[in-house]
Amino acid sequence: MLGVLVKRVVNRVYQVVLRPTLACPVSTRGYKGEASDDSRGDLIEIPLPPWTEKDGETMDMKRRRLLFQSRKRGMLENCILLSLFAKKYLNTMSETQLRQYDRLINEPSNDWDIYYWATEAQPVPNVYAGEIMDLLKEFTKNKDQEQRLDAPNLEYLDKGSQ
Amino acid sequence: MAAVCIASRVLTKKVLSSKALPAVSQSSRKLHFSIYGKSNAKVSDGISTQYPVVDHEFDAVVVGAGGAGLRAAFGLSEAGFNTACVTKLFPTRSHTVAAQGGINAALGNMENDDWRWHFYDTVKGSDWLGDQDAIHYMTEQAPHAVVELENFGMPFSRTDDGKIYQRAFGGQSLKYGKGGQAHRCCCVADRTGHSLLHTLYGRSLRYDTSYFVEYFALDLLMEDGEMGPSTASGPRTQSSPLLWLTYSGSCTSAHTSTGDGNAMVTRAGLPCQDLEFVQFHPTGIYGAGCLITEGCRGEGGILINSEGERFMERYAPNAKDLASRDVVSRSITIEIREGRGCGPEKDHAYLQLHHLPPQQLATRLPGISETAMIFAGVDVTKEPIPVLPTVHYNMGGIPTNYKGQVITHTPEEGDKVVPGLFACGEAACASVHGANRLGANSLLDLVVFGRACAHTITDICTPGEKLSPLKPNAGEESVANLDRLRFANGSLRTSEIRLNMQKTMQNHAAVFRTGKVLKEGCDKMDAVYQTLDDIKTFDRGIVWNTDLVETLELQNLMLNAVQTINSAEQRQESRGAHSREDFKDREDEYDYTKPLAGQQRKPIEQHWRKHTLSTVDPKTGKVTLKYRPVIDNSLDAEDCAAVPPAIRSY
């Protein structure tokens with residue numbers, strides 16, 4: 001147990017150090033103007049407590065929690081994308097996939113990062129790469145050109161109405 | 001493992017307490033949340049046995065962990081108060097993270113600058129509905145606030161010689177409007193909002209702030225009315241603003257912005273101020289509503305109509321596409337109404353970027369390309385983006401003075417402080433934005449007034465003061481409401497009622513408003529409000545019940561919506577973001593289009609340069625409106641002369 005904990009702490013520190021080099025090439029964010037590249041000083045010097053997985057949750061509970069967390073995000077783009085994604089995939093995810101998704105939407109501190117990875121505007125850090133990230137990227141491309149005007153209503157979950 | 005639904009009463013000093021229900025349940029092993037909090041909670045059996053109530057004691061409680069809430073929580077913790085912060089979302093995921101523009105401050109790094117010019121710009125931007133003492137406070141404190149943030153660790157972007165880089169933003173000028181465009185917006189690359197949240201959250205943890213994350217605040221519990229003899233104590237700040245989730249025009253904010261703060265205050269019997277002033281951001285993506293930042297136009301993007309004309313040259317000859325947001329929104333709407341809209345239904349405008357060099361697009365505006373492709377299917381290097389004015393911000397909210405204290409108002413006694421209650425952020429109305437907000441002033445508003453709340457509380461109270469006892473059944477109504485909603489089995493689903501509300505607001509209270517349409521809207525909204533009694537939820541669970549949370553949010557949205565539309569219907573003038581086709585002019589105490597000499601000053605009942613104070617009876621949905629005069633003097637007339645009203649043109 002301690003070995004796992006130590007490894008996680010080491011990974012976290014490693015990632016914090018690694019981040020500046022990941023982002024160094026041209027900052028591909030919304031609006032840059034003449035501003036210099038992001039030094040990420042705050043992220044390096046003010047580390048937040050590391051995210052940890054929740055213990056002892058049933059799969060059903062995980063799905064319910066992840067639904068809430070998919071629908072309530074920091075900005076509209078993620079609200080729409082993730083709630084549509086959750087509608088399509090959440091109820092059929094396996095346990096591994098649920099855990100991947102949990103980490104993807106809960107660990108990154110900046111919601112924009114998730115958006116940039118999903119839109120392939122920025123490379124996905126290794127820790128988040130995997131099945132779920134691939135599904136999300138594919139979903140974001142919107143190959144079927146469906147209209148993505150709003151987050152879906154919750155009634156698709158109402159067993160009684162089906 | 002049985003999951004138990006727990007209600008928490010978070011007690012603060014004296015008059016005011018707030019109560020929160022965890023969206024997640026705790027197992028019966030841990031009766032109160034916390035990784036970072038204190039273990040001082042006790043279970044009480046006052047209210048009900050089905051929902052065990054846990055009482056927590058703190059010196060100060062902050063509701064909402066956006067920029068303003070975090071700044072207040074941090075300030076209070078630093079000053080030694082045992083502080084709790086209750087938040088619906090993880091702090092760095094608050095809607096503040098969406099802010100990519102920056103914070104305005106007259107640091108004078110790009111050119112000679114003076115905070116009094118910023119003061120002038122803000123007063124003018126507010127269309128003289130802003131309280132000049134609060135605006136004075138905000139613009140004077142701005143440079144200090146930015147430097148302070150920098151000292152906390154926010155890595156502002158820098159110029160080559162090491163000073164904080166500042167960029168242009170709409171509505172900011174030099175020399176009281178006569179010196180051209182000012183560059184006073186400080187930023188952290190394009191991550192200003194996130195950096196602000198990260199820095200403040202991280203710092204506040206070092207001072208031992210307790211966070212109740214993913215807890216939904218239900219209600220404020222007022223003891224003995226709000227006029228207690230005790231001095232102000234437990235603060236309450238709320239950073240979730242109102243924006244109704246409109247339908248076709250959508251809104252630009254996250255679906256978490258549901259007006260919880262305003263609604264809590266309304267249910268406590270206190271008024272909200274100026275809710276009819278809704279800012280429409282001129283460029284939201286047609287349909288989805290995702291915002292295309294003003295920075296695009298700052299980089300050279302232009303708005304065109306169906307004839308390919310750069311129409312802003314007609315409406316704002318000097319500022320053109322960088323005119324103030326309400327001016328641009330109105331211009332786009334006029335173009336559409338006069339038949340020059342784009343698209344098959346001629347119902348939007350185009351934002352053209354493909355005339356800019358591709359290199360500039362790639363380095364300066366790359367995120368825009370993604371958003372345009374994903375939600376609108378447009379390649380910005382080839383085609384223009386379809387845009388429409390979209391609900392973006394509400395200038396109104398909980399009325400406060402410039403120190404952050406919540407106030408009520410009577411004509412006899414004037415403004416009166418509500419002891420123990422403070423508000424800051426988008427939820428509050430200080431009022432610095434008046435009838436229209438300038439871009440990059442909102443992040444400033446958050447930081448300055450979050451800080452002001454913390455300072456005021458530090459001045460008035462001491463940490464560790466004893467709390468007066470709370471009635472054992474305080475909060476009963478909130479729990480009863482929760483229980484009722486959880487088992488609601490009427491005939492209309494939450495999403496149906498919400499859609500009805502959205503459609504009504506979009507059709508009756510959008511950019512352009514007319515008396516007849518507004519009146520119809522008020523009646524329709526009243527009918528929609530009544531349907532809340534017939535609501536139907538489907539999720540009976542007590543753990544992670546998203547349906548229940550969204551239903552509670554709908555109740556909050558509804559309270560905001562009725563106030564907005566009723567206030568808009570009553571206000572018979574056009575000012576700032578509130579535009580009436582049947583009353584196109586501003587109605588001030590004097591007619592400022594003509595010389596003042598010889599004019600008689602109109603009494604407050606006969607003009608509209610005043611704040612609206614609205615209250616709602618939650619049981620019936622009936623809205624009552626009163627008015628409050630605007631504060632026209634600055635904090636120090638010698639240091640900073642107040643700006644007398646004038647005609648507002650750019």
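The values are calculated or read from the model by the stated rules, or taken from the named source; none is laboratory data. Just so it is clear, the model here is predicted, and its values are computed rather than measured. As a convention, Cβ positions derive from the backbone with ideal geometry for all residues, glycine included, and neighbour counts pool all protein chains shown.
A few remarks follow.
- Selection within the range A:64-94: residues that are within 15 Å of the chain's Cα centre (by Cα), among the basic types (Lys, Arg) and part of a helix (DSSP H, G or I). The member of this set that is surrounded by the fewest Cβ atoms within 10 Å (Cβ to Cβ) is A:Arg65.
- Within the range B:295-324, restricting attention to residues that are part of a loop (DSSP other than H, G, I, E, B), within 13 Å of another protein chain (Cβ to nearest Cβ) and surrounded by fewer than 24 Cβ atoms within 10 Å (Cβ to Cβ), the residue that is farthest from the chain's Cα centre (by Cα) is B:Gly300.
- Looking only at the range A:44-63, and only at residues there that are over 16 Å from A:Gln97 (Cα atoms), touching a residue at least 24 places away in the same chain (Cβ under 8 Å) and assigned to a loop (DSSP other than H, G, I, E, B), the one that is farthest from the other protein chains (Cβ to nearest Cβ): A:Pro50
- Considering B:Gly202, B:Gly170, the condition of being more than 10 Å from chain A (Cβ to nearest Cβ) and either buried (at least 24 other Cβ atoms within 10 Å of the Cβ) or not in a strand (DSSP E or B) (or both) is satisfied by B:Gly170 alone.
- Inside the range B:465-513, residues that are at pLDDT below 90, hydroxyl-bearing (Ser, Thr, Tyr) and assigned to a loop (DSSP other than H, G, I, E, B) make up a count of 1.
- Scanning the range B:551-607 for residues that are in a loop (DSSP other than H, G, I, E, B), small (Gly, Ala, Ser) and in the same structural domain as B:Leu518 (by the TED database) yields a count of 3.
- Once the range B:211-241 is narrowed to residues that are part of a strand (DSSP E or B) and either touching a His at 6+ places or on another chain (Cβ under 8 Å) or hydrophobic (A, V, I, L, M, F, W, C) (or both), the residue that is modelled with the lowest pLDDT is B:Met222.
- Qualifying residue in the range B:25-43 (condition: at pLDDT 85 or above and away from every other protein chain (no Cβ under 14 Å)): no
- Within the range B:174-220, the residues that satisfy the criterion of being within 30 Å of B:Lys320 (Cα to Cα) and aliphatic (A, V, I, L, M) are B:Leu174, B:Ala182, B:Val188, B:Ala189.
- Complete set of residues in the range A:118-162 that are outside any helix (DSSP H, G or I), modelled with pLDDT of 85 or more and within 9 Å of chain B (Cβ to nearest Cβ): A:Thr119, A:Glu120
- Each residue in the range B:344-396 was checked for being of a type in the set (Val, Ile, Thr), closer than 24 Å to A:Glu138 by Cα and touching a residue at least 24 places away in the same chain (Cβ under 8 Å), and 5 of them qualify.
- Residue list for the range B:89-103, filter: more than 7 Å from chain A (Cβ to nearest Cβ) and surrounded by 24 or more Cβ atoms within 10 Å (Cβ to Cβ): B:Pro91, B:Thr96, B:Ala99, B:Gly101, B:Gly102, B:Ile103
- Within the range B:254-279, tally of residues that are more than 14 Å from chain A (Cβ to nearest Cβ) and part of a loop (DSSP other than H, G, I, E, B): 9
- Test: residue in the range B:136-158 that is surrounded by fewer than 20 Cβ atoms within 10 Å (Cβ to Cβ), modelled with pLDDT under 90, under 28 Å from B:Thr283 (Cβ atoms) and not polar (S, T, N, Q): no
- Note on the range B:265-291: among residues that are β-branched (Val, Ile, Thr) and under 29 Å from B:Trp128 (Cα atoms), the one that is surrounded by the most Cβ atoms within 10 Å (Cβ to Cβ) is B:Thr283.
- Failed item in (1) closer than 21 Å to B:Tyr393 by Cβ; (2) in contact with a helix residue (DSSP H, G or I) (Cβ under 9 Å, 6 or more places away or on another chain), with B:Ser329 passing the rest: (2)
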